[in-house]
Amino acid sequence: MNLRKLSAGAGLVVALMVLGPADAVAQARKVYISVDLEGISGVNGDDQTSSTGSEYGRARKLMAEDANAAIRGAFEGGATDVLVNDSHGGQRNLLPEDLDPRARMISHSFKRHGMMEGLDETFDAVIFVGYHGKADSPRGLFAHTGSGVVKDVRINGVSVGEGGMNALLAAWYGVPVVMVTGDDVAVEQQKDTVPGVRGVAVKRAINVRAVEMRPLADTRREIQAAARESVQAAKKPAPVRAPGYVVRMQFRNFTIPEVASAFGEMSQVAPDTVQFSRSTMPEAYRLIRVLYRFINTD
Ligand SMILES: [Zn+2]
């Protein structure tokens, strides 16, 4: 260490003594935001959620508005770096020019970790924006898990939707899921998997197609406030790692389980169901994604 570094170090120690560690050095704070589309404020029809739908252009703008509310809140809550991951369909919905210019963004669905691509243990908080209920929820707007072919995903015996799966991956890295936005069903389901998570229900699902929407100005204001407060309060827990991950996936057809059984480690435990195990959550997550996304049975 040269003398200049030494004196700079001594100055830092003095500053810490006078101000306390929290004031002396602005902590880098990385926030990860995964943005889906079905649970976005104002989105209410599949002519919006499909990239060929006549209302898709409007939906992209609505998606950016909710994402931007969360980004603003995150920065107000102390974030110094925000990474947004486009998490819907082909995952090229958010237009960079619509997004808060302070955020970085990952796009395109050719990702091993899909809705959670780019997350690692260096992040301090995870936010889910625009989420929806899991497959076969009796009353969730656009409820599904991964894609329409999936009937249920169970990890170590527990049925999970996208929010549940993604939370298990975040837990593996020791990054807390601090907030979720979506329809009321998505928010309630997330609270089951992440107790204490802050939720903003931007609309009330009447059933899988009908919905009561809250005023856009209200939901965006609430998203911003909740992001600010939850990022401010975020504390990193120890990683949560099960000794192993047993995954059971039930499909709405028999073709995918039959094709998947070509992989030696995959057992077709029922005509519509496969089971496999992996020793880590990232490995399990990647294989779940291959099964619902990259096997084309058309
Ligand atoms: Zn989704």
Notebook entry, point to check: Which residue, Thr49, Thr255, Thr273, tops the fluctuation ranking in a GNM of the chain built on C-alpha contacts under 10 Å?
Noted result: Thr255
Check: In degrees, nearest 10, range 0 to 90: what is the angle between the Cα axis of helix 216-233 and the longest Cα principal axis of the chain?
Finding: 60 degrees
Notebook entry, point to check: Distance from the Cα centre of the range 222-298 to that of the range 40-61, in angstrom?
Noted result: 27 Å
Notebook entry, point to check: Taking a 22 Å limit on the Cα-Cα distance, which of the listed pairs Lys30/Lys203; Lys30/Lys134; Lys61/Lys235; Lys61/Lys191; Lys134/Lys191 fall beyond it?
Noted result: Lys30/Lys203; Lys30/Lys134; Lys61/Lys235; Lys61/Lys191
Margin query: With a 10 Å cut-off between alpha carbons and a GNM built on the chain, which of Glu117, Glu258, Glu65 moves the most?
Written below: Glu258
Next item on the list: Compute from the Cα atoms of the range 71-138 the Rg and the Dmax, the latter being the longest Cα-Cα distance, and quote both in angstrom.
Entry: 13.1, 40
Notebook entry, point to check: By what distance, in whole Å, do the Cα atoms of the range 227-298 stretch along each of the three principal axes, largest value first?
Noted result: 47, 28, 17
Notebook entry, point to check: Can you give the relative contact order of the chain as a percent, counting alpha carbon pairs under 8 Å and 6+ residues apart?
Noted result: 19 percent
Check: For labels at Asp120 and Asp192 in the simple 7 Å Cα→Cβ model, what's the distance in nm?
Finding: 3.4 nm
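Bear in mind that the values in this text are calculations on the coordinates, not laboratory data. Because the structure is a prediction, the values reported are computed rather than measured. We place every Cβ from the backbone using ideal geometry, glycine too, and count neighbours over all the protein chains shown.
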